[in-house]
Amino acid sequence: MKKGKYLLPNLFTSGNLVCGFVSMIYAHNGDYPLAALVILLAAGLDCLDGKVARLTGSASAFGVEYDSLADLLSFGMAPGWLLYTWALRSLSPFGWLAAFAFVICGALRLARFNVQATGVQKYTFTGLPIPAAASVVASAVLVLHQLYEDVPSSIDTEHPFILVFAAYTLALLMVSNFKYRSFKRLRWRRMWPLPLLAGIALLITVLVCGPALTLFLLCIGYALSGPLETLLWRKKPKENVIPAEQ
């Protein structure tokens with residue numbers, strides 16, 4: 001029974017790992033929207049494995065390391081490969097360098113997270129989390145595929161340098177010192193009725209904009225929240241800043 005308790009969260013992590021591998025296969029075959037969807041599925045599984053581990057009391061050092069390896073494939077290698085095959089292939093060497101920057105900064109972000117995991121930062125992350133960066137890439141693929149559905153599925157002839165800039169921006173955000181809020185430990189019941197209002201707003205946005213664009217806007221908004229919140233915080237008068245507890 002105890003072994004089964006530890007096996008359950010690792011099954012979700014294994015699903016995450018499989019999704020990353022399958023996404024790379026889809027991208028290699030030119031099925032870019034499917035590759036993007038599988039990355040988003042991996043992000044969902046990545047959220048579940050940690051939650052299951054906490055609920056069952058089965059968190060372990062092995063699970064942490066296994067999760068990091070799965071994340072590197074699903075949210076580092078797979079999005080980087082998707083970016084390159086989908087839109088950056090024609091820009092060699094700039095294209096593959098941008099994709100590689102995304103991968104290596106994602107690896108650095110994971111390594112830093114593991115080192116800082118024993119700290120006290122329960123409500124914030126340092127640097128853009130790699131699943132969030134991967135979700136920006138995946139949702140962008142879905143949105144642009146809809147816009148360019150009447151032309152070949154690769155958009156490497158349509159302003160690809162914008163995507164090079166985006167890849168480098170995401171890479172830098174992952175290794176930055178910007179603080180990003182974590183939603184894992186929020187006590188939603190105490191925040192009532194904010195979750196209901198947020199759900200209604202999200203539903204209206206989906207109906208108006210469509211699910212792909214809504215997801216893209218949410219991902220972009222979160223990616224930009226770190227720099228924006230840091231900028232706004234620095235503009236506050238110094239007397240209003242509460243020093244952090246030592």
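The values are calculated or read from the model by the stated rules, or taken from the named source; none is laboratory data. Here the structure is a predicted model, which means the values were calculated and not measured. Cβ placement follows ideal geometry from the backbone for every residue including glycine, while neighbour counts extend to all protein chains displayed.
For the stretch 101-120, does any single residue satisfy the condition of being at pLDDT 95 or above, surrounded by 15 or more Cβ atoms within 10 Å (Cβ to Cβ) and more than 20 Å from Asp67 (Cα to Cα)?
The answer is yes, given that some residue of the stretch 101-120 is at pLDDT 95 or above, surrounded by 15 or more Cβ atoms within 10 Å (Cβ to Cβ) and more than 20 Å from Asp67 (Cα to Cα).
In the stretch 167-183, what count of residues is obtained for those that are touching a residue at least 24 places away in the same chain (Cβ under 8 Å), assigned to a helix (DSSP H, G or I) and surrounded by fewer than 20 Cβ atoms within 10 Å (Cβ to Cβ)?
Number satisfying all stated conditions: 2.
Within the stretch 57-78, identify whether any single residue is in contact with a Ser or Thr (Cβ under 7 Å, 6 or more places away or on another chain), aromatic (Phe, Trp, Tyr) and under 22 Å from Val115 (Cβ atoms), and answer yes or no.
Yes, the stretch 57-78 has at least one match.
Is it the case that Val141 is modelled with pLDDT of 85 or more and closer than 27 Å to Thr230 by Cβ?
So Val141 fails the test.
Taking Gly63 as the residue in question, decide whether it is in contact with a helix residue (DSSP H, G or I) (Cβ under 7 Å, 6 or more places away or on another chain), modelled with pLDDT of 95 or more and of a type in the set (Gly, Ala, Ser).
No.
Name the residue that is modelled with the lowest pLDDT, counting only residues in the stretch 122-131 that are surrounded by 12 or more Cβ atoms within 10 Å (Cβ to Cβ) and more than 19 Å from Ser74 (Cα to Cα).
Tyr123
Can you list residue pairs whose Cβ atoms sit under 8 Å apart, with the first residue in the stretch 63-74 being more than 19 Å from Ile104 (Cβ to Cβ) and the second being modelled with pLDDT under 95 and not in a helix (DSSP H, G or I)? Count only pairs 6 or more apart in sequence or on different chains.
Close Cβ pairs (under 8 Å, with a partner that is modelled with pLDDT under 95 and not in a helix (DSSP H, G or I)) amount to Val64/Ala117.
With respect to Pro9, determine if the residue is out of contact with any strand residue (DSSP E or B) (no Cβ under 9 Å at 6 or more places or on another chain), assigned to a helix (DSSP H, G or I) and either free of Cβ contacts under 8 Å to residues at least 60 places away in the same chain or of a type in the set (Ser, Thr, Tyr) (or both).
Yes; evaluated as a whole, the condition is true for this residue.
Could you please find all residues in the stretch 16-33 being under 18 Å from Arg89 (Cβ atoms) and not small (Gly, Ala, Ser)?
The answer is Met24, Ile25, Tyr26, His28, Asn29, Asp31, Tyr32, Pro33.
For every residue, the table says whether it meets (1) farther than 30 Å from Ile162 by Cβ; (2) modelled with pLDDT under 90; (3) of a type outside the set (Gly, Ala, Ser); (4) surrounded by 21 or more Cβ atoms within 10 Å (Cβ to Cβ).
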| position | (1), (2), (3), (4) |
| --- | --- |
| Cys19 | no, no, yes, yes |
| Val22 | no, no, yes, no |
| Gly30 | no, no, no, no |
| Ala35 | no, no, no, yes |
| Gly50 | yes, yes, no, no |
| Arg89 | no, yes, yes, no |
| Gly95 | no, no, no, yes |
